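Before any comments, here is the structure.
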Amino acid sequence: MSVVGSSGWIEYALDGPNAEALRAPLSDLDRLIVPASSIFEAYRVALRERGQPVAWALAATMRQGRVVDLDA
């Protein structure tokens, strides 16, 4: 399983310097776990940096993985 937090998704969506390294874990949807709070955090940053269409697309992409709540 791969867990990618909001900072990884932001790096990937905004084409940061480490975006290529994240391509493999983010592409393996059967093994991808996405914390629910990461969707909100990544959406908020993408909205501020790139606008609503990019933010919506990012949130939709993130929801393709297995979304889980974070708890103790």
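Show me the ranking of peptides 38-46, 21-29 by mean Cβ neighbours inside 10 Å, starting with the highest.
Working: 38-46: 19.2, 21-29: 13.1.
By packing density, highest mean first, the sequence is 38-46, 21-29.
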* For the range 2-68, calculate the relative contact order in percent as a whole number, restricting contacts to Cα pairs under 8 Å that are 6 or more residues apart. => 36
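Report, in deg cm²/dmol and to the nearest 500, the calculated mean residue ellipticity at 222 nm for the chain, where each DSSP H run with n ≥ 4 adds -39500 (n - 2.57) and the sum is divided by the residue count. Walk me through the intermediate numbers first.
Values: 4 runs with 43 residues, N = 72.
When only DSSP H runs of four or more count, the value is -18000 deg cm²/dmol.
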* Compute the FRET efficiency between ASP69 and GLU20 as 1/(1 + (r/R0)^6), taking r as their Cβ-Cβ distance and R0 = 35 Å, and round to the nearest 0.05. => 0.70
* **Percent breakdown of C-alpha pair distances by 10 Å bin, ordered from the shortest bin, for the chain** => 22, 57, 20, 1
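Throughout, read-outs are computed from the coordinates displayed, never taken from laboratory work. Since this is a predicted model, take the numbers as computed values, not measurements. Reconstructed Cβ throughout: ideal geometry from the backbone, glycine too, with neighbour counts over all protein chains shown.
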